[in-house]
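Here is the structure we will look at, set down as structure tokens.
The numbers here are math on the coordinates, done by the rules we state, and not lab data. From a predicted model like this one, the values you see are computed outputs, not experimental measurements. Cβ atoms come from the backbone with ideal geometry, glycine included; neighbour counts cover every protein chain shown.
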Amino acid sequence: MTTEELLARARDLLPLLREHAAAAAERGAPAPEVERALGDAGLQADGLDAGLPAYAAVLAILARACPTSAASLARTSAGAQADGVLEAGMCAVALGAATGAVEAYEALVRTETTDDPPLRPRLLDADHQRWLGAAIGRLAAAECILTEALEQHSPADPLLWLICRETAKLCHATVQEIVVRTAGPAAMRRDTPLERIVRGLVALRSNPPGGSEESIARRVGRDRLGIPVES
């Protein structure tokens, strides 16, 4: 299966993932319908065969609609492969979830009025224009970082793991510092699409895929200094 076919199949599944996103968030696992659809689309069996950059792109697409389902697929697909496969996959999920949050935020900006008087369309409000632009810029930077890292580093390279952690932090910070802070209380009510995505991001942040960030950073430092890895 080509990369283009994989990405197209992932996009085709977005309506189904959105339909079952609430149930997945509640269960902490994909709905059975979603699991079957992922298998039928070949994303579970064939995804990694296209290479890690392509599969990261698939996970990012899926996470726009349902971070829970995308994260489950990332863990299942990584299996016993190098730690960097799971690190890259979960970073891609964070990027996709953050993208989904910013897409939902953009919809609010386009359709809602400001919360504070004088009420006016957010679309015409300079602050909301600036906040949306800043969020878009941050996530574009995160995508560039992840794409470049996957092209330059093997999954066994601890530096890739650390880059993925830092990129995921940028995604989390973008959503918390811009989207959550400025979306308004109505948009963040329990079980709204935006709230579910943000909740999924928080869960990702609370459950990193591998060792502690401190231990990974120390290993990168030891590699640079030429100090052998401790047994």
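Neighbour counts of C-beta atoms inside 10 Å place LEU17, LEU124 in the sequence LEU124, LEU17, starting with the fewest.
Left without a cysteine partner by the 4.7 Å Cβ rule in the chain: CYS66, CYS144, CYS171. Taking one quarter of the surface of the convex hull spanned by the alpha-carbon atoms of region 111-231 gives a direction-averaged projected area of 9.6 nm². Rounded to two decimals, the Cα-based Rg/Rh of the chain, with Kirkwood Rh, is 1.00. Of the trypsin sites (Lys or Arg not before Pro) found in region 186-231, those that fall in a DSSP loop while having at most 11 other beta-carbon atoms within 10 Å are ARG189, ARG190. In terms of other Cβ atoms within 10 Å, VAL198, VAL58, VAL180 run from fewest to most in the order VAL180, VAL198, VAL58.
Each of LEU170, LEU73 was scored by other Cβ atoms within 10 Å of its Cβ. Arranged with the fewest first, they read LEU170, LEU73.
In the chain, Cα pairs under 8 Å separated by at least six residues give a relative contact order of 20 percent.
The amide H of THR113, built 1.01 Å from its N in the peptide plane, has ARG122 as neighbours under 5 Å, considering only residues 5 or more places off or on other chains.
Summarising the label geometry, the points placed 7 Å from Cα in the beta-carbon direction at THR114 and ARG27 lie 4.4 nm from one another. Kirkwood analysis of region 27-114, using all unique Cα-Cα pairs, places the hydrodynamic radius at 13.5 Å. What the Cβ-Cβ distance of MET1 and GLU148 gives, at R0 = 22 Å and to the nearest 0.05, is a FRET efficiency of 0.35. Taking only the Cα atoms of region 41-176, the radius of gyration and Dmax are 16.8, 57 Å. Each Lys and Arg Cβ is given +1 and each Asp and Glu Cβ -1; about its Cα centre, the chain then shows a dipole of about 540 debye.
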